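One structure below.
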Amino acid sequence: MHHPYEKLPATHFWRKAVSDQPWSGVDFLPNPKFTIGANERLVTAGSCFAGNIVRYLRANGRDIFVAEPAHPVIPLPLAKELGYGQFSARYGNIYTTRQLLELFEQATARRDMIEDFVTEGDNCYDLLRPGVPASGFSSVAEAQADRAYHLGRCRIMFESADTFIFTLGLTEAWRNRELGYTYPVCPGTVRGRYDENQHVFINYTFAEVHQDLTALIQALRQVNPHIKFIFTVSPVPLVASHEAGNVLVASSYSKSVLRAVCGEIARQYDFVDYFPAYEIISSVASRGQYLESDLRNVKETGIEHVMSCFFSTYFSRTTHASASNAVVASEPSWQAGQASINRSVEAQCEELYNDPLLRS
Amino acid sequence: MGAFGGQTVTHSGILTNPAWNFNQLHYSLLSVDVINFPVETDPLTQRRRAKPPPAIASQLISIRNRAALDGNHNIVFCCVRGSELVGLSLWNPPPLFDFVIPSRQDLGVEKGRQILPYSFIQSAIEPTLADTMSIYMGLRAAMPHTRLVHIFPPPPIADGRFVVEKLNRMDAEFQKVCARDGINSALLRLKYHYLYMDTLTTQLAALDISCLAPPPQAIDDEGYLLQEYWLDYTHANAAYGWLVLSQLEMAVSSSAH
């Protein structure tokens, strides 16, 4: 008797592809839709897990396209504090697809710049990127001017990127009740003050995330017709949920929605790929070996496995080196300094501030 | 520094004018240009300070002694440096940048320029003021009871082409830098001027030293030096000096009442 499975390759069978394989030998993405060329402009954005991608790309001599570098007169330690080098531009962590879509809309003048600044003490903070810069701005005018410049650089980034790597992090978010825009984190946790009359909770559904991601892809392809996308889902569970019930269950819902949207979108477009970072870390087959003792944060060995697979999948294997013994190629002094900063950048996660115990 | 009484005051060293007499009060005009002063680092504070050559130091002692003997030296107007910020305000390292002074947000920013933090710009100019402050600390120590007034330099000239034409007074290396990168826009130079005045006003207040702003008659609506007072990129002309002298007279007169 013949059936459709009998001629499928080994990767289609759990026993051959998973249980009979050492975990490090599993080929998670045997047929990527595309590879990344040596001179392509890589742009990264997403949740704090996305920061690890940046770190490992650089450690392997594949720097991202930095559309918003620090000004050369800024000393390197200050550049780091000001939020330079974490991603391709200074947008900080982008946890939701809606947040990324709104950034794109502002950068390309499809909507006005969203202004939500708060003054605390002598400094002013931008609630759309509360950690950029860490110590805030000297005035509201400085914050406004800085973000206007930032959006201009984001526009260049969107228009110039060859491959956009976006790590989807959360479905739970907080929005401005009156104007509808989305915050990266709930006001009052990192910066600002929570006001139930101004701030409203939302847990984006599959349909909403799918709609937002589709809108982003289509709009971005209008300004940059050749751009490709690699989507990943952050394996890091929610630090806190505003939904009723247990945070683990809420986290499962959130990741499931994001994972399902990525799968659906990747089926629709030949220039969109899904990279299974989430599965490498979170699958039961990994036996939890990559989780820290809090069962949430990912160990360095886990990140290394993810990035090793990422490099094997998308880059020439001959250029792949482990992060621990990578040598950064000689670059002009400023870029070398910038790279040096970013090798030491720990993924910064404002979402932590949702948990009062972790704030102190 | 600006020009006074028909004579541009750009001397190296100290010019102590025979005291003018306005309304029975005496004051001195003190001009200190320490461009050629050697600089040393204070081992305690690690701040740079000017180390006056012996000839200048002896003149400072002379002033101190005269001030101590002559009770009529009610006010000493000081033209201490002033050009130290010129280099920084002209320097235009690419890419184009701008900054916002919290107290002068009305000035706005030039579109498309990278925004440097105000705190960074402020920290960048403080070392350039260290020499000025060390001189004032010395003056204050020499004349603890005398009213000291710092005279601010004239505001910038809006016309960048005029400024570039006069750059031959600058250090040759700096001229090369300016030729390569261009000079800052007028707005940015104006911001540096305001920042210089704000910062020095605050620092000098701690020494109980007040400041005299440029004469309003010499400034246009946007804050730049009117063309009729131009001399070069940092000095105003003699007509400007006469306006400042009028300011000094008014300050002395008001002091008398």
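The values are calculated or read from the model by the stated rules, or taken from the named source; none is laboratory data. Not measured: the values here are computed from a predicted model. When we count neighbours, we look across all protein chains shown, and the Cβ atoms used for this are built from the backbone with ideal geometry, even at glycine. Please note that ligands, DNA and RNA were not included when accessible areas were found on the heavy atoms of the full protein model with its side chains. Shrake-Rupley method; radii C 1.70, N 1.55, O 1.52, S 1.80 Å.
Compute the semi-axes of the equivalent ellipsoid of chain A, taking the square root of 5 times each eigenvalue of the Cα gyration tensor, and list them largest first in whole Å.
They are 32, 25, 20 Å, listed largest first.
Restricting to Cα atoms and excluding each atom paired with itself, what does the Kirkwood estimate give for region B:99-257 in Å?
One over the average 1/r among Cα pairs gives 17.5 Å for region B:99-257.
Specify whether the C-alpha gyration tensor of region A:197-325 places it in the rounded, prolate or oblate class, a ≥ b ≥ c being the square roots of the eigenvalues: rounded for a/c under 1.5, otherwise prolate if a/b is larger than b/c and oblate if not. Intermediate results must be reported in sequence, preceding the final value.
Details: a/c = 2.21, a/b = 1.05, b/c = 2.10.
Note, shape of region A:197-325 comes out oblate.
If you take the Cα atoms of region B:105-144, find Rg, then find the Kirkwood Rh from the mean of 1/r over all pairs, what is Rg/Rh?
Values: Rg = 16.3 Å, Rh = 12.9 Å.
Rg/Rh: 1.27.
Looking only at other chains, what is the average number of their beta-carbon atoms within 10 angstrom of each beta-carbon in B:89-99?
2
Taking a probe of 1.4 Å, how large is the accessible area per residue of region B:171-257, in Å²?
Ligands and nucleic acids excluded, the figure is 46 Å² per residue.
With all protein chains present, how much of the accessible area of region A:25-83 (probe radius 1.4 Å) comes from carbon and sulfur, to the nearest whole percent?
About 53 percent, which is the carbon plus sulfur part of the accessible surface.
Among the lysines, which have Cα under 20 Å from the Cα of B:Lys166 when same-chain residues fewer than 8 positions away are ignored?
B:Lys176
A plus B alone minus the pair: what accessible area, both sides summed, probe 1.4 Å, in Å² to 100?
Buried surface at the A/B interface: approximately 1400 Å².
For region A:1-52, what is one quarter of the convex hull surface built on the Cα atoms, given in nm²?
6.4
Excluding ligands, DNA and RNA, what is the solvent-accessible area per residue of region A:1-101 at a probe of 1.4 Å, expressed in Å²?
45
Taking square-rooted eigenvalues a ≥ b ≥ c of the alpha carbon gyration tensor, is region A:77-214 rounded, prolate or oblate, where a/c under 1.5 means rounded and, failing that, a/b exceeding b/c means prolate?
oblate
What is the Cα radius of gyration of region A:11-149 over 2.2 N^0.38 Å, N being its residue count?
Dividing the Cα Rg of region A:11-149 by 2.2 N^0.38 Å gives 1.35.
Can I get the semi-axes of region B:183-257's equivalent ellipsoid? Compute them from the C-alpha gyration tensor as square roots of 5 times the eigenvalues, in angstrom, largest first. Don't skip to the answer; put the middle values down first.
Numbers: eigenvalues 108, 71, 18 Å².
For region B:183-257, the ellipsoid semi-axes come out as 23, 19, 9 Å.
Check each residue of region A:126-165 and keep those whose accessible area, probe 1.4 Å, is at least 30 Å² smaller with all protein chains in place than in the chain alone; give them in order of residue number.
Checking the loss per residue gives A:Ser138, A:Ser139, A:Ala141, A:Glu142, A:Ala145, A:Tyr149.
B:Lys111: which lysines have alpha carbons under 17 Å from its alpha carbon, excluding same-chain residues fewer than 8 sequence positions away?
Reachable lysines: B:Lys191.
Would you mind telling me the antiparallel percentage of the DSSP bridges in chain A, rounded to 5?
50
Is there a simple number for the mean count of other chain Cβ atoms within 10 Å of the Cβ of residues in B:114-124, and what is it?
Values: counts 12, 12, 7, 11, 5, 9, 7, 2, 1, 1, 1.
Average neighbour count from other chains, rounded to a whole number: 6.
Across the residues of A:75-83, average count of Cβ atoms on other protein chains within 10 Å?
Mean number of neighbouring Cβ atoms from other chains: 1.
What do you get for trypsin sites (Lys or Arg not before Pro) in region B:98-135 restricted to DSSP loop and a cutoff of at most 13 other Cβ within 10 Å of the site's Cβ?
Loop-located and lightly packed - B:Lys111.
For A:Lys80, go through the aspartates and glutamates and keep the ones whose alpha-carbon is under 15 Å away, minus same-chain ones fewer than eight residues off.
Correct list for A:Lys80: A:Glu68, A:Glu346.
Nearest-5 percent of antiparallel DSSP beta bridges in region B:81-238?
The antiparallel proportion sits near 25 percent.
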